[in-house]
1. For 27, 60, give the ranking by accessible area with the largest first, probe 1.4 Å.
2. Whole-Hz Karplus ³J(HN,Hα) for the stretch 56-70, in order, using 6.51 cos²θ - 1.76 cosθ + 1.60 and θ = phi - 60°, x for Gly and Pro?
3. Taking loop as defined by DSSP and a crowding limit of 15 other beta carbons within 10 Å, which chymotrypsin sites (Phe, Trp or Tyr not before Pro) in the stretch 11-40 fit?
4. Using a Cα distance threshold of under 30 Å, what count of lysine pairs results for the chain when pairs must be 8 or more residues apart or interchain?
5. Quick one: compute the contact order of the chain, relative version, from alpha carbon pairs under 8 angstrom and 6+ residues apart, as a percent.
6. Only Lys, Arg, Asp and Glu count, each charged at its Cβ (+1, +1, -1, -1), so figure out the dipole size of the chain about its Cα centre, rounded to 20 debye.
7. Averaged per residue, what accessible surface does the chain expose to a 1.4 Å probe, in Å²?
8. With all protein chains present and a 1.4 Å probe, how do 72, 45 order by accessible area, largest first?
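The values are calculated or read from the model by the stated rules, or taken from the named source; none is laboratory data. Quick caveat, the model's predicted, so the values are computed rather than measured. With ideal geometry, Cβ positions are generated from the backbone for all residues, glycine too; neighbour counts draw on all protein chains shown. When the accessible area is computed, the model is the full protein with side chains, heavy atoms only, and any ligands, DNA or RNA have been set aside. Shrake-Rupley method; radii C 1.70, N 1.55, O 1.52, S 1.80 Å.
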Amino acid sequence: MIKIIDDILKEHLLPAENYIFGFADLTGLLQNKFDGFNYGISIGRKLDYEIVDKVINGPTPEYYSHYRQIIRISVY
């Protein structure tokens, strides 16, 4: 099952160099209401270095706009 999920994510998270992902077995770690959800998937998306490097004393308007754009693209 993990191999299938790995292949699906590699196929759809493009360009691949902008993403990192991983899996974890969560058996016994979650509250009872999550019984049956034994695995977790974590996906990270790289932000633009040029924008992030300008953040010194807190988020800039450019950073905030970039972050919102990434969130909109990443959430289905």
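1. Heavy-atom accessible area, descending, gives 27, 60.
2. Once rounded to whole Hz, the list reads 10, 10, x, x, 8, x, 5, 4, 4, 5, 4, 4, 4, 5, 5.
3. 37
4. Taking the chain as the scope, the lysine pair count is 4.
5. So the answer I get is 23 percent.
6. Approximately 220 debye in magnitude.
7. With all protein chains present, the chain gives 86 Å² per residue.
8. Result, largest first: 72, 45.
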